[in-house]
1. Round to the nearest 10 and give me the degree value, 0 to 90, for the angle of helix 186-198's Cα axis relative to the longest principal axis of the chain.
2. For the range 223-232, just list the computed ³J(HN,Hα) in residue order, Karplus coefficients 6.51, -1.76 and 1.60, θ = phi - 60°, integers in Hz, with x standing in for Gly and Pro.
3. With respect to the cross-link table entries 313/333; 94/472; 94/338; 417/482, which display a Cα-Cα separation exceeding 26 Å?
4. Take every DSSP beta bridge with both residues inside the chain and express the antiparallel ones as a percent of the total, to the nearest 5.
5. Take the alpha carbon atoms of the range 259-446, find their radius of gyration, then divide it by 2.2 N^0.38 Å using N residues; give the quotient.
6. Give the angle, between 0 and 90 degrees and rounded to the nearest 10, that separates the Cα long axis of helix 429-438 from the longest principal axis of the Cα atoms of the chain.
7. Just tell me which aspartates and glutamates come within less than 15 Å, Cα to Cα, of residue 487; anything on the same chain fewer than 8 places away is out.
8. Among the lysines, which have Cα under 17 Å from the Cα of residue 197 when same-chain residues fewer than 8 positions away are ignored?
Amino acid sequence: MMAHSKALLVLENFIGGKFVPCSSYIDSYNPSTGDVYCRVPDSGKEEVEAAVKAAKVAFPIWSSKSPLERSQILNKLADLIERDLEAFAQAESKDQGKTITFARTVDIPRAVYNFRFFASSILHHTTECTEMATMSCMHYTSRTPVGVAGLISPWNLPLYLLTWKIAPAIACGNTVVAKPSEMTSVTAWMMCKLLEKAGVPHGVVNVVFGTGARAGEALVCHPDVPLISFTGSTLTAQRITEKSAPHCKRLSLELGGKNPAIVFDDADLLQCIPTTLRSSFANQGEICLCTSRIFIQRGIYSEFLKRFVAEAKKWKVGNPSDPTVDVGALISKEHLEKVRSYVKKAQAEGARVLCGEGVDSLALPTGNQKGYFMLPTVIAEVKDESCCMQEEIFGPVTCVVAFDTEEEVIERANSVKYGLAATVWSSNVGRVHRVAQRLQAGLVWTNCWLVRDLNLPFGGMKASGIGREGAKDSYEFFTEVKTITIKH
């Protein structure tokens, strides 16, 4: 093991309301410098066992609290995170590589809102009731918390997606064992410091840090964890499905996407181009909802391409803590190499790289020379069957191709294994509805992107996942329903 200076941040697991050191640790890198800056517990079966035990002990007390009592605690936690918003944003930017601006305006405010949203929604659910007068019977349903929820969240929106799971799970009266990504664990650890002050009883929220192969697997295989909510790659989800099958666990899987944007020739390009730049390159393209295939109707293809590339070249890449920067660092050296390899494959297949990787030079500040940076990259003339059009790249790379007819573009947009999100650009209302109906995607935005109402279902079709998340959907996932019949 390499020697470390004393300045390194060392995280600890949070089990039963206490921070607990671990017997072994792994390095976590600052993506913008390439240096190790943090040590994360390398937890395994033993730590997961302790966390599940603590969650089981806390369950009877927490689940017997009224929705109003739980709601007040969630609101208090939201207030505490909001109070420390700047510290959380700084930590998220340093740990993940995203720009400080994105962390400040998107990640941390949304984490706060997740708690507030579920603190409110838990107060407004009603159950069903029917009467059978001829049989002198009435039926009603009751919903109760499931038990210990296993929550596994990814590295791209660390606190945002972790709280999107923790908030509904505990609002419904479950206790949780959460495993954030080992690459981005700092904000989860910071949140643990606020739990007691918010009034969260010991053992309700337990956080175990470590890799998917050790900590994640131990959580998925634990017989006392009846439910797993996972956001991440389709490959990992397949393993979770296999490992949890013998236990008949309830699964919610929010996976990758290969999201199309379809731009018809009557689109308002003044709106479309800046929004599509954002949907392609926001958070370094490391969002499962990012656009990575742009279909442009042939009549406006060359004009769109010229304007889109010119605007993409204006996006500034550099030190994430610089508020004028648009694109931060990618999560890791390995991930940067993977994203670059797709650009090389596209070139080898005869596609044209119009800007970005391998075409334009990237000038970085002195302290960021070893960071994992990449310019926004636009590729044209890619074949539909190319891996660049079929596989999730998850970086600042988008492919632009031409199409002729509505019928053709729907078929091409649907010709991938994923079905998470899509965007449609047209001023024809009838067409917008028609196309949205036929796209195989769990979310379709028309003439906008990433406008979210948390009440409504979020999730994908095909290889993009199983289940939905949202006010009603999360409530149904995190509770057991029982039908009770009373004869009078």
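Any read-out appearing in this document is the output of simple, stated calculations on the displayed coordinates, not a laboratory observation. Note that the coordinates shown come from a computational prediction; the quantities given were computed from them, not determined experimentally. Every residue, glycine as well, gets a Cβ built from its backbone with ideal geometry; the counts of neighbours run over all protein chains shown.
1. Taking Cα atoms only, the helix is inclined about 30 degrees.
2. x, 9, 10, x, 8, 10, 10, 10, 10, x
3. Over 26 Å apart, Cα to Cα: 94/472; 417/482.
4. Taking every DSSP beta bridge with both residues in the chain, the antiparallel ones total about 45 percent.
5. 1.00
6. 60 degrees
7. Straight-distance partners of residue 487: 131.
8. Those lysines meeting the cut-off are 18, 76.
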